[in-house]
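Q: Following this message is one structure expressed as structure tokens.
Since every read-out is calculated from the coordinates, none of them should be taken as a lab result. Given the structure is predicted, the values throughout are model-derived calculations rather than measurements. Because the Cβ atoms are built from the backbone with ideal geometry, glycine has one as well, and the counts that use them run over all protein chains shown.
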């Protein structure tokens, strides 16, 4: 796959993630919904840490802030924190199995979720920390699909 097609793969996976992020969910499901855009960005950085990094994540965090109508900069910080951890462990992550990568992503989402909830509690805002375990579980269930999709596009590129 040429580099032009690589850009197409990134574009298509991001568009798919945005669609899943914007899909309406009813009732209590909305607080459990994984951040598909964050998972896709983490996947691309995990597989291509030299090509994609914190700036890539921060720009898509800004896109998430705009699309989800959040405070400008909130998702930028969350995406940058998650991807920073991925970049730090990227040398070892290439040797991890799918189950280990799933655990790594779940751990990162959990730690960042706890940090995010503590900041919300600091400012007396609703934190939804009670929904964090289910959000981590659903992110862990969605991760293998995203991981395989990005891995397949990487194999076709090589």
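Q: Using only Cα atoms and rounding to the nearest 10 degrees, what angle (0 to 90) does helix 98-122 make with the longest principal axis of the chain?
A: Its long axis makes an angle of about 30 degrees.
Q: Between Rg and the Kirkwood Rh of segment 3-157, both from Cα atoms, what is the Rg to Rh ratio?
A: 0.95
Q: Under the rule of -39500 (n - 2.57) per DSSP H run of 4 or more residues, summed and divided by the residues of the chain, what mean residue ellipticity at 222 nm is obtained, to the nearest 500 deg cm²/dmol?
A: Rounded to the nearest 500, it is -26000 deg cm²/dmol.
Q: At a Förster radius of 25 Å, what calculated FRET efficiency corresponds to the Cβ-Cβ distance of residue 123 and residue 96, to the nearest 0.05? Present the calculation step by step, with values, prior to reporting the outcome.
A: Values: r = 36 Å, r/R0 = 1.44.
Efficiency, from the Cβ-Cβ distance: 0.10.
Q: If one takes the longest principal axis of the Cα atoms in the chain, at what angle in degrees, from 0 to 90 and to the nearest 10, does the Cα axis of helix 54-67 lie?
A: 50 degrees
Q: Right, next: How do 116, 130 line up, fewest other C-beta atoms within 10 Å first?
A: Least to most surrounded, the residues fall as 130, 116.
Q: Using a simple spin-label model with points 7 Å from Cα along the Cα→Cβ vector, what separation in nm is obtained for residue 103 and residue 154?
A: Rounded to a tenth, the inter-label distance reads 1.9 nm.
Q: So if we plug the beta-carbon distance of residue 111 and residue 74 into 1/(1 + (r/R0)^6) with R0 = 22 Å, what FRET efficiency do we get, rounded to 0.05?
A: Numbers: r = 17 Å, r/R0 = 0.76.
Efficiency for this residue pair is about 0.85.
Q: Then there is this: Roughly how tilted is helix 74-93, in degrees to the nearest 10 and between 0 and 90, from the longest Cα axis of the chain?
A: 40 degrees
Q: To continue, here is another question. How many nm separate the modelled label positions at residue 130 and residue 62, each set 7 Å beyond the Cα in the direction of the Cβ?
A: The modelled label-to-label distance comes out at 3.7 nm.
Q: For residue 138, project a label point 7 Å along Cα to C-beta. Then give me every residue of segment 101-116 with its amide nitrogen under 15 Å of that point.
A: Of the residues in segment 101-116, 110 have backbone N under 15 Å from the label point off residue 138.
Q: How would you rank 54, 78, 111, 83, going from fewest to most other Cβ atoms within 10 Å of each one's own Cβ?
A: Final ranking by Cβ density, sparse to dense: 111, 54, 78, 83.
Q: Give me the percent of Cα-Cα pairs in segment 14-97 that sit more than 17 Å apart, rounded to a whole number.
A: 47 percent
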